[in-house]
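The values are calculated or read from the model by the stated rules, or taken from the named source; none is laboratory data. Keep in mind that what you see is a predicted model, and the values were worked out from it rather than measured. A quick note on method: Cβ atoms are made from the backbone with ideal geometry, for glycine too, and the neighbour counts reach across all protein chains shown. We work out accessible area using only protein heavy atoms, side chains counted, and drop any ligands, DNA or RNA first. Shrake-Rupley method; radii C 1.70, N 1.55, O 1.52, S 1.80 Å.
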4 protein chains.
Amino acid sequence: MAYRAGRHFLQIPGPSPVPDRISRAIDAAVIDHRGPDFADLGKTVLSGMQRIFKTQSPVVIFPSSGTGAWEACLANVIETGDRVLFYETGQFATLWKQMADRLGIETEFLAGDWRTGVDANRIEDRLRQDTNRSIKAVCCVHHETSCGITSDIASVREVIDTTGHPALLLVDSISGLASVDYEHDKWGADVTVSGSQKGLMMPPGLGFNALSDRAIEAAKNGGSKRSYWDWHEMLACNTSGYFPYTPATTLLYGLREAIAMLEEEGLDNVFDRHRRLADSCREAVSVWGLETVCQNPDEHSNALTGIMVPEGHDADFVRQVILEKFDMSLGTGLGKIKGKAFRIGHLGDINELTLMGVLCGVEMGMGLAGVPHQPGGVEAAMRFLSR
Amino acid sequence: MAYRAGRHFLQIPGPSPVPDRISRAIDAAVIDHRGPDFADLGKTVLSGMQRIFKTQSPVVIFPSSGTGAWEACLANVIETGDRVLFYETGQFATLWKQMADRLGIETEFLAGDWRTGVDANRIEDRLRQDTNRSIKAVCCVHHETSCGITSDIASVREVIDTTGHPALLLVDSISGLASVDYEHDKWGADVTVSGSQKGLMMPPGLGFNALSDRAIEAAKNGGSKRSYWDWHEMLACNTSGYFPYTPATTLLYGLREAIAMLEEEGLDNVFDRHRRLADSCREAVSVWGLETVCQNPDEHSNALTGIMVPEGHDADFVRQVILEKFDMSLGTGLGKIKGKAFRIGHLGDINELTLMGVLCGVEMGMGLAGVPHQPGGVEAAMRFLSR
Amino acid sequence: MAYRAGRHFLQIPGPSPVPDRISRAIDAAVIDHRGPDFADLGKTVLSGMQRIFKTQSPVVIFPSSGTGAWEACLANVIETGDRVLFYETGQFATLWKQMADRLGIETEFLAGDWRTGVDANRIEDRLRQDTNRSIKAVCCVHHETSCGITSDIASVREVIDTTGHPALLLVDSISGLASVDYEHDKWGADVTVSGSQKGLMMPPGLGFNALSDRAIEAAKNGGSKRSYWDWHEMLACNTSGYFPYTPATTLLYGLREAIAMLEEEGLDNVFDRHRRLADSCREAVSVWGLETVCQNPDEHSNALTGIMVPEGHDADFVRQVILEKFDMSLGTGLGKIKGKAFRIGHLGDINELTLMGVLCGVEMGMGLAGVPHQPGGVEAAMRFLSR
Amino acid sequence: MAYRAGRHFLQIPGPSPVPDRISRAIDAAVIDHRGPDFADLGKTVLSGMQRIFKTQSPVVIFPSSGTGAWEACLANVIETGDRVLFYETGQFATLWKQMADRLGIETEFLAGDWRTGVDANRIEDRLRQDTNRSIKAVCCVHHETSCGITSDIASVREVIDTTGHPALLLVDSISGLASVDYEHDKWGADVTVSGSQKGLMMPPGLGFNALSDRAIEAAKNGGSKRSYWDWHEMLACNTSGYFPYTPATTLLYGLREAIAMLEEEGLDNVFDRHRRLADSCREAVSVWGLETVCQNPDEHSNALTGIMVPEGHDADFVRQVILEKFDMSLGTGLGKIKGKAFRIGHLGDINELTLMGVLCGVEMGMGLAGVPHQPGGVEAAMRFLSR
């Protein structure tokens, strides 16, 4: 294929662009995963990920996609046949619930509109009804990648506690972690699931489970039949910096570098940067006269922006025009909003001018694709960033 | 830590050293795994792996370790509670069987001595006894990494067929594939399990299942509750070159390069090279007056050599001396042969002079560690390679 | 130093950003520069550079900066004490002339205003006056990097021919080559000087001399005392693909890849892309109400745009604000236009959205720096690129 | 071309193999060479190189080969027509002298036998005869790469001082620096010339001049017409960490890493390692019954070993056999010893086991090429390294 000049704009909401420092760190010779040098690597990334998740409890790292980390979470604390409550924030909540169905878990789905986050009151209502405590866990997506919506995880913890229900709180923050604030311990999550290819700026290939004492306890005596995903042997090996089976060594090199970079910038600065870029993006959307998928201002994602295209227009055609004309990949509308929305990823290793290139591409692409919109979105974003 | 000059000799039996071409291929920008360019990558590696496994049936690629590919194999065709026959060729056969136990499978273990490969007659005997056909599968390790022993997989197929037993034949060739000959279709395997970090010269992080029609059929109506490892949705997506969840994109770049390199050299030449290097290594061992772990000359691995140290000597002390003094990592004795044997990996991207450096390191290291042996092993290997 | 997130915008007019394919090509093991594999590399880059310069005559490659290639050009055809005519197009013409002075060459400088290119009529006049043919060469900068001005080299050749003057035509196209059209043979240059770090998308470290038969002839019997820069031994070695002294092997790997990429895209497409991006940049400048340094529309560079800031404002302050606030490096005004102008590099591996990010950065930065300008430049560029 | 498995053994006496850390450092984005971040890079490598040369005086870095650094040295302190005394230690002394001839310098050559180093007494004799002080400089090769001979530079300084002759002492330590001890200040060199691709473990592309006050003074008022190689403007720019023309930025990244690695290991440890490896190599040569090119034990190079092949045998045929059969590049015999000797490079990033692979390759290759030799060289080297 002919070389297409210039850097491709990978603006899907993950995988996000991998910065050179991480790529070069990954491009190092594999070492003996049973040798003495490995322990230092293992301990460094394991403790580093605790700081990223903001937890004192262990974090488990799998060679897997984020999907694998979903399954690991369920397999360790939920037994086949157990009842679990999911909340439909969007496509990824739906897929996680489908996974649970396939694993033989009894699922319940609190229906959502894909445009608002978790309403903890509805969870509270359901838990109150569950007088025989049949619900083993509540599963919520903290940061719904398909819609660009964040949910208030602390509020879910609060209603679980208020009702005195023993359900575990299992959270997906695959695309939220390290791009928007996440507090595993403070918010009271029992398991938080994440992946490498979003805010962590890594290639895909690593999945994470941040645990709690209650989750570890639940896993000890329960959960499904499991081996690969089992926390027990993993935690035992991790103590000395090793893994029970061959880890994805080179990706761990990258993770070590990613953690170092996030901490050099400072997590709070990372979150501020994401907010600033997201705000400027939303300024543009607003001036364009378009709606974000997310309808509640408090719930806006700072890692991506979902944009509804007007009735009668095909969001995927906009994406195609932009890809062909301007070499930028945007996220498609998934599931219920297929063709109705597209998504701009602005997470991970991104800065102002790249975002401005992105917004220019979107504004020009909408024009070329015949999507009705007001001009001036880019101008508005520039004004915002010039404050 | 102070820089240690020169290239570390990674001579464990996998992960094997990653050649520069593969490392640089991996070090490329992540692309949209839903975009049009990805399909070409997906199709290239999927069809390429069929040629490597020598199969017309599909090969499934997981973001996982080889262990994960073990679990995938079991989960798709074996139901919890099913009976499966394992053959104890060494530590990895033992671990695979343990995994099956954990997954709630009823396992049987044909005991072995860790110094010889699979005796198909014993499998035949067991299958003949199994008059009610309760055994759903026979699991064999083609290339036992813990001992350096290959087993005759075709002979196992033959006894299954001879007895008319419907059991599936599930094979682990994690460290055999692409370093010693493996014929998935011809030998009649139903599922072959492998990983990226051995003969494929890749970093760890990808697991493989090569399938057969019978295996796909068995998975359709059976197997355990599963989601991540499920072949069904995977195969459906793979048809168009995509994956149901985010694949480990950069490792797939490396895999594409690995396949290209193996095919440039020619698989038969790859196998010949491994045999030639293994033969020269065994010449050295023989002159040293030491025993290989593998006792049957027909079953010698060409990817690694397990060496028994004389009674009263600690194989791990030899390894430690060699690591500290000569910066070479060798494989430890695992399980039953812990401390009694060490293993030299000579698989993947390796040539004559690197092997000679390895053998010099072993000969010197044994001397320094006080392991009694005859001199001249290195000389013998040089004579062999000078023929 | 803290990690600064996102990709730095390197928008100086060279070195230009190096695309990953070239960086990875450079990141390969050094080979024996006297061994058989090297000859293929040597021949590939030497013949490739002939196609890039559009010449049938040899191209010489030095391990040097572009400055070194200036000196090589002079040393081979000009003797100490010879007279050479330079034309003051800007800072680089001035520096080249200074170099000649230092080398003991008698220089003449046709004064210019730094805002227009070479006026061949003035050269014609001077040559006509030179009745004793004391002028050995005319030196012109094809693409004046300090101002963003291209000159009509063919017109210079024409006046030399018209006057029947034997002077050689020595041309600097360091920043023009491979970003704007350049025809060494057709335009009648005797030596063209270039460097790796501009349109060739490479890191700095290689200098080039494209030759003509007349130049080779002149060098045979003349030129200054020289060794490193001497063409003679170089051309002799190059015939078989080798170099008289150790070449910068890894940079030659990169050059091989650069040539391949330029030819994949097609040189004409490369030039069209540069023109399109330059046009859109100039649209913005025009709407901003600012002047380009280049005053003659026919002479606009497509590789960079020099922008005059209004009286009383400091161009370097604008650059500083943009660097600090938006992590973008722009080119300073050099020499006579120090502080009065800044330069946007848009050459090499660049595409539309990156340019839009650049223009947004400049528009915002001018605002923040208090430089008076009309809004709407970015909008104008978007309109242009949406045609 | 088909992939040839395993790592090529690049055992020429430079370029030496580039370690991954340096390659990855080079593989980083180019930065603005006029921007604020560059100054830190510049200062770091400039001061680091002073420590490597062991000098308090400045070190100048050119984008050039080592040959270029030869020319720079001459151009700054020697005027066309000046007389300079060279000492024929081998091919590189001869080439340096030829360069001086081409530059119009009056050269004298103290003839040598290519098997012994500089005899300072002969220099003393010549200087004493030079009663009118016409000799401006004495040029010596500290580490003659073509023969594997080191010369006692301090002794040359001593005779210059003893005679009270004002000649400058110009030294080539291109292949000696950073592999064998070199003390620019202590030994009294006025200029030391070096390059990046030897003990510094870098790719080729950088040349160095370490200076003295006397050399700087000589350059101020003398030297030849020059521009590219001129120290004056270079030193002025270097003060603030910048360069007068575009430096080879990415190679400077590599140099920064190289200096860091050498200092992590410790220069004395680096020299000890080279000595130990060289000693073991010489043990092998001695047992083989062959002669080293270097005849004086005190003058053995620790960076390479030149080996004479017996009369009637072609050293280049040995090299060819080894390259084809074992994928190892050795150095050819140059000039007067063409075909009579080959050279093993064992400098830079090399350790014991790599050297053992090299020696095995040489021992096997000589056997295959029919070169008469005693067996046991490899054994002897192993015995040496096992002490």
Just the number, please: percent antiparallel of the DSSP beta bridges in the protein assembly as shown, rounded to the nearest 5. 50
Heavy-atom surface of the stretch B:233-316, accessible at 1.4 Å and reported per residue (Å²): 36
Phi angles of the stretch A:163-173, converted by Karplus (6.51 cos²θ - 1.76 cosθ + 1.60, θ = phi - 60°) into ³J(HN,Hα) in whole Hz with x for Gly and Pro, give 7, x, 7, x, 4, 6, 10, 10, 10, 9, 10
Could you work out how far the C-alpha centroid of the stretch A:233-272 sits from that of the stretch D:333-386, in angstrom? 44
Taking all protein chains as present, what is the carbon and sulfur share of the accessible area of chain C, in % to the nearest whole number, probe 1.4 Å? 48
Candidates per trypsin sites (Lys or Arg not before Pro) in the stretch D:127-191, loop by DSSP, up to 13 other Cβ within 10 Å: D:Arg133
So, for the stretch C:68-119, what is the accessible surface per residue at a probe of 1.4 Å, expressed in square angstrom? 29
List the GluC sites (Glu not before Pro) within the stretch B:253-349 that DSSP assigns to loop and that have no more than 13 neighbouring Cβ atoms inside 10 Å. B:Glu311
Please list the non-local residues whose amide H lies under 5 Å from the amide H of D:Ala303, H modeled 1.01 Å from N, same-chain partners needing a gap of 5 or more. none
List the residues of the stretch A:238-287 that lose 20 Å² or more of accessible area once all protein chains are present, compared with their chain alone (1.4 Å probe, heavy atoms only, no ligands or nucleic acids). A:Tyr245, A:Thr246, A:Ala248, A:Thr250, A:Leu251, A:Met261, A:Glu264, A:Glu265
Quick one: check the C-alpha center-to-center distance for the stretch B:97-117 versus the stretch A:75-136, whole angstrom. 37
Calculated FRET efficiency for the pair D:Ser240/C:Asp272, C-beta based, R₀ 56 Å, to 0.05: 0.85
Taking the radius of gyration and the Kirkwood hydrodynamic radius from Cα positions alone, what is the Rg/Rh ratio for chain C, to two decimal places? 0.98
What does the copy distance list look like for D:Ala2, label position 7 Å along Cα→Cβ, in nm and ordered from shortest? 3.7, 4.4, 5.7
Over the Cα atoms of the stretch A:61-142, what radius of gyration and what Dmax do you get, in Å? 12.7, 39
How much length would be gained if the chain were fully extended between C:Gln374 and C:Arg214, taking 0.36 nm per residue of separation minus their Cα-Cα distance, in nm to one decimal? 52.4 nm
A correct Karplus calculation of ³J(HN,Hα) over the stretch D:65-70, with 6.51 cos²θ - 1.76 cosθ + 1.60, θ = phi - 60°, whole Hz and x for Gly and Pro, returns 7, x, 4, x, 5, 4
Amide H to amide H under 5 Å from A:Thr107: which residues, 5+ apart in sequence or cross-chain, H placed 1.01 Å off N in plane? A:Val84
For C:Asp113, inter-copy label distances in nm, listed shortest first [label point 7 Å out on the Cα-Cβ vector]: 6.5, 7.5, 9.9
For B:Glu183, which inter-copy label distances result when the label point lies 7 Å beyond Cα on the Cα-to-Cβ vector, reported in nm to one decimal and in ascending order? 6.3, 6.5, 7.0
Net charge near A:Lys54, counting Lys/Arg +1 and Asp/Glu -1 over other residues with Cβ under 15 Å of its Cβ? -3
May I ask which residue of chain A has the beta-carbon nearest to the axis carrying chain A onto chain C, and at what distance in whole Å? A:Gly357, 2
Calc'd 3J(HN,Hα), the stretch B:72-84, phi into Karplus 6.51 cos²θ - 1.76 cosθ + 1.60 (θ = phi - 60°), Hz, glycine/Pro = x, comes to 4, 4, 5, 4, 7, 10, 10, 8, 3, x, 5, 9, 9
Return the percentage of antiparallel bridges among DSSP beta bridges fully within chain C, rounded to the nearest 5 %. 50
Among D:Leu103, D:Leu169, D:Leu74, whose mean-square fluctuation peaks in a Gaussian network model of chain D (Cα, cutoff 10 Å)? D:Leu103
Gyration tensor verdict on the protein assembly as shown (Cα atoms; rounded if a/c is under 1.5, prolate if a/b is larger than b/c, oblate otherwise): oblate
Evaluate the distance, in nm, between pseudo-label points positioned 7 Å from the Cα of C:Glu291 and of A:Asp185 along their respective Cα→Cβ axes. 6.4
Hey, what number do you get for chain C at 222 nm if only DSSP H runs of n ≥ 4 count, each worth -39500 (n - 2.57), divided across all residues, to the nearest 500? -13500 deg cm²/dmol
Return the lysines within reach of C:Lys186: Cα separation strictly under 27 angstrom, same-chain partners fewer than 8 residues apart disregarded; answer none if there are no such residues. C:Lys43, C:Lys54, C:Lys97, C:Lys136, C:Lys198, C:Lys220
Probe 1.4 Å - accessible area at A:Thr80, Å² to nearest ten: 80
Rounded, prolate or oblate for the stretch B:344-387? Axes are the square roots of the Cα gyration tensor eigenvalues, ordered a ≥ b ≥ c, and the cut-off for rounded is a/c under 1.5. oblate
Take the Cβ-Cβ distance between B:Asp130 and A:His232 as r, set R0 to 30 Å, and report the resulting FRET efficiency rounded to the nearest 0.05. 0.35
Cα shape, the stretch C:153-236, gyration tensor, a/c 1.5 rule: oblate
Distance in nm between label sites at B:Phe317 and B:Glu158, each 7 Å beyond Cα in the beta-carbon direction? 4.5
Under 5 Å between amide hydrogens, which residues at least 5 positions from A:Asp172 or on another chain qualify, with H placed 1.01 Å from N in the peptide plane? A:Cys140, A:Val141, A:His142, A:Val193
For the interface of B with A, what's the total buried accessible surface in square angstrom, probe 1.4 angstrom, rounded to the nearest hundred? 3500
Sites A:Asp40 and C:Arg122, calculated FRET efficiency, Cβ-Cβ separation with R0 60 Å, nearest 0.05: 0.30
